[in-house]
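Asks: Let me give you the structure first, and then I'll get to my questions.
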Amino acid sequence: MKLKIKHLVIVGFAAGLVFLQSCKDEDGNINIFSIQDDIALGAQVSAELESDPTFKNSIIDSAQRPDIYKYVYGLRDSILNTGLVRYKNEFQWRIRVIKDDSTLNAFCTPGGYIYVYTALIKFLESEDQLAGVMGHEMAHADKRHSTDAMTRQYGLQVLFDIVFGQDKGQLVRIAANIKELSYSRKNESEADEYSVIWLYPTSYNAKGAAGFFEKLIQLGQTGGNPEFLSTHPNPDNRVQAITDKWQTLGGKTGNTYQSRYTTFKNSLP
Ligand SMILES: [Zn+2]
């Protein structure tokens, strides 16, 4: 009898391993959610975020400032039109620009709801840098890193219970902390890498994200709250990794579009 229980435990454990293995995507990231879950979760998280009046009021109105949205959606489309974004058609890729000049941040929910803060836009110096940072954020969604991050933060058991217990409300509450969610070092590196891969076929300098990290290094800002600084790869290493990736792809020189970016920055409220 003892042996049987032992066997059952082993079989159960093996089944768990097989299940976990089946949850891994092509990039080796664990995902216990379906694409439909990501989309539904993103919609709920964005609704939850925007139910906060302070946050909602800080969103720049697209009806009042269509010029701002035309500009950022143009950047997004350069990336989507490469044909390299796996969930180009499935995810929303909706952008909200947040009027907040003191929060140096940008983030993207599962399913592609992108938030960019004016402090970040004003901090950057050229369009390739913003495209690089947006590529990085979009990669977190496209590569489905938030499940990974939630698993590390809350434990796989909690997520299993939520998914199989159908308590989706709990899931939304967890995911709504996305602004504070810290991605793993591996996820950050992967998002940096895809930022280069996606910008490379466009007319942009594909190392745009490196320009952002170089600026942080110059200012001595190498840690803190922003999504992209929440985990370890230090900015020096990230600049190097981005440059290496760009070299591997062929080292093509691209545009920074600095002057039109300055005009855009000056037009912001
Ligand atoms: Zn990141």
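Asks: Looking at the range 144-189, which of its residues are modelled with pLDDT of 85 or more and surrounded by 21 or more Cβ atoms within 10 Å (Cβ to Cβ)?
Replies: Within the range 144-189, 144, 145, 187, 188 qualify.
Asks: Out of the range 101-133, which residues are acidic (Asp, Glu) and not in a helix (DSSP H, G or I)?
Replies: Across the range 101-133, the qualifying residues are 101, 125.
Asks: Now a separate question. Evaluate the range 123-141: report whether one residue or more is away from the ligand (no atom under 16 Å from the Cβ), free of Cβ contacts under 8 Å to residues at least 24 places away in the same chain and of a type outside the set (S, T, N, Q).
Replies: No, there is no match, as no residue in the range 123-141 is away from the ligand (no atom under 16 Å from the Cβ), free of Cβ contacts under 8 Å to residues at least 24 places away in the same chain and of a type outside the set (S, T, N, Q).
Asks: Further question on the same structure: Can you spot a residue in the range 42-59 that is surrounded by fewer than 17 Cβ atoms within 10 Å (Cβ to Cβ), at pLDDT 95 or above and either within 18 Å of the chain's Cα centre (by Cα) or basic (Lys, Arg) (or both)?
Replies: yes
Asks: Let me ask another. Given the condition at pLDDT 90 or above and crowded, with 20+ Cβ neighbours inside 10 Å, answer yes or no: does some residue in the range 214-235 qualify?
Replies: no
Asks: In the same structural domain as residue 259 (by TED's automatic domain parsing), farther than 19 Å from residue 37 by Cα and either modelled with pLDDT of 90 or more or surrounded by fewer than 19 Cβ atoms within 10 Å (Cβ to Cβ) (or both), is that true of residue 116?
Replies: The answer is yes for residue 116.
Asks: Has the range 84-94 got any residue that is assigned to a strand (DSSP E or B), assigned by TED's automatic domain parsing to the domain that holds residue 261 and over 26 Å from residue 187 (Cα atoms)?
Replies: Within the range 84-94, none of the residues are assigned to a strand (DSSP E or B), assigned by TED's automatic domain parsing to the domain that holds residue 261 and over 26 Å from residue 187 (Cα atoms).
Asks: Out of (1) away from the ligand (no atom under 11 Å from the Cβ); (2) open to solvent by less than 60 Å² (accessible area, probe 1.4 Å); (3) modelled with pLDDT of 80 or more, the odd one out for residue 249 is which?
Replies: Only one criterion is unmet by residue 249, namely (2).
The values are calculated or read from the model by the stated rules, or taken from the named source; none is laboratory data. The shown structure was predicted, so the numbers you read here are calculated from the model rather than taken from an experiment. Heads up, the Cβs are rebuilt from the backbone with ideal geometry, glycines too, and the neighbour counts pull from every protein chain shown. Quick note on the areas: whole protein, heavy atoms, side chains included, nothing else; ligands and nucleic acids left out. Shrake-Rupley method; radii C 1.70, N 1.55, O 1.52, S 1.80 Å.
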